[in-house]
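Okay, so here's the structure we're looking at.
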Amino acid sequence: MDYILFKKSISENIKVVAVSKTKSTEKIKEIYDLGHRDFGENKVQELVKKYEDLPKDINWHLIGKLQRNKVKYIAPFIHLIHSVDSERLLNQINKEGDKNNRIINVLLQIKISNDPLKTGFEYSELGDMFSGSIFLKYKFVKIIGFMGIGSIDQSKNEKEFKKISDYFNKINKIHDLKYLSLGMSNDYKLAIKYNSNMIRIGSLIFGSRN
């Protein structure tokens, strides 16, 4: 099976998030039954439905664009939000964490490519945030790392991945970060070369999309 072959090829130090968007609960359960527990979804509505229908020890990751008015639906159970791309969204997650009396783990999404469709913090914005008291500001949010999505033009990926990796290492010397979420099915090997320790894998686990 694709999952077993893939997992054998990856170091145990790297967290693999199986990207299960559009996949049926039956397909997800097949991977779950092989021992996998981390699954990633793009859309809140689909994520909530799968959370309700599948075992409760699954670690659900929200990896797609998150609107502030939808945070409330995932706040009670989400394991990690990868796509935090603004302080306004951080504020909303903090509010919902307060309502649910739980600390919500997040990654800050950095805009590492020039793709106009991609969102995220600019490095300059993060510099201002980290020079302040961002880690003290949010009682119900825990920032545990960064996420990035490379350019569609993969010739640019190496430069992009190196820059975010260097920035992660720089911030990690001051603040104790856990994850650099970088790399998908088509570029995960390059991401791992640049110290990604969380990769988001869809087709290599579930097979090619129809």
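No value in this document is a laboratory result; all are computed from the given coordinates. Because the structure is a prediction, the values reported are computed rather than measured. Here Cβ is always computed from backbone atoms with ideal geometry, including for glycine, and neighbour counts include all displayed protein chains.
Taken over the alpha carbons of the range 83-141 as equal point scatterers, the Debye sum produces base-10 log I(q)/I(0) values at 0.16, 0.30 Å⁻¹ of -0.53, -1.26. About the centre of its Cα atoms, the range 145-210 shows a dipole size close to 80 debye [charges on the beta carbon of Lys, Arg (+1) and Asp, Glu (-1) only; nearest 20 debye]. Each stretch of four or more DSSP H residues adds -39500 (n - 2.57); spread over every residue of the chain, this sum gives -10500 deg cm²/dmol at 222 nm. Legend: residue pairs LYS111/LYS189; LYS29/LYS118; LYS65/LYS178; LYS111/LYS178, Cα-Cα distance threshold 28 Å; pairs beyond threshold, LYS29/LYS118.
For the range 92-178, the alpha carbon convex hull comes to 104 Å³ per residue, rounded to a whole number.
Distant-in-sequence amide contacts of ASN59, defined by a placed amide H-H separation under 5 Å and a gap of 5 or more residues or a different chain, comprise ASP38, PHE39. Structure note, pairs LYS27/LYS49; LYS8/LYS49; LYS15/LYS193; LYS8/LYS43; LYS21/LYS170; LYS99/LYS139: Cα-Cα distances above 21 angstrom occur for LYS8/LYS49; LYS8/LYS43; LYS21/LYS170.
Springs join every pair of Cα atoms under 10 Å in this Gaussian network model of the chain, and among ASN59, ASN69, ASN172 the largest mean-square fluctuation is at ASN69. Ordered by the number of other Cβ atoms lying within 10 Å of each residue's own Cβ, fewest first, PHE146, PHE206 fall into the sequence PHE206, PHE146.
Explain nothing, just the number: dipole magnitude of the range 2-206 about its Cα centre with +1 on each Lys and Arg Cβ and -1 on each Asp and Glu Cβ, in debye rounded to the nearest 20. Walk me through the intermediate numbers first.
On the way: 35 positive and 25 negative charges, 55 e Å.
That gives a dipole near 260 debye.
For the range 2-206, the alpha carbon positions stretch 45, 43, 31 Å along the principal axes, listed from largest to smallest. Each residue of the range 32-45 was assigned a 3J(HN,Hα) from its phi angle through the Karplus curve 6.51 cos²θ - 1.76 cosθ + 1.60 (θ = phi - 60°); the sequence is 4, 5, 8, x, 7, 10, 10, 10, x, 10, 8, 10, 4, 4 Hz, with glycine and proline shown as x. Of the peptides 10-16, 163-169, the order by per-residue mean of other Cβ atoms within 10 Å, starting with the highest, comes out as 163-169, 10-16.
Semi-axes of the equivalent ellipsoid of the range 1-103: what are they in whole Å, largest first, if each equals the square root of 5 times a C-alpha gyration tensor eigenvalue?
Numbers: eigenvalues 137, 44, 28 Å².
They are 26, 15, 12 Å, listed largest first.
Applied to the range 189-200, the Karplus parametrisation 6.51 cos²θ - 1.76 cosθ + 1.60 on θ = phi - 60° returns per-residue 3J(HN,Hα) values of 5, 5, 4, 5, 4, 9, 6, 5, 10, 8, 10, 10 Hz, with x for Gly and Pro.
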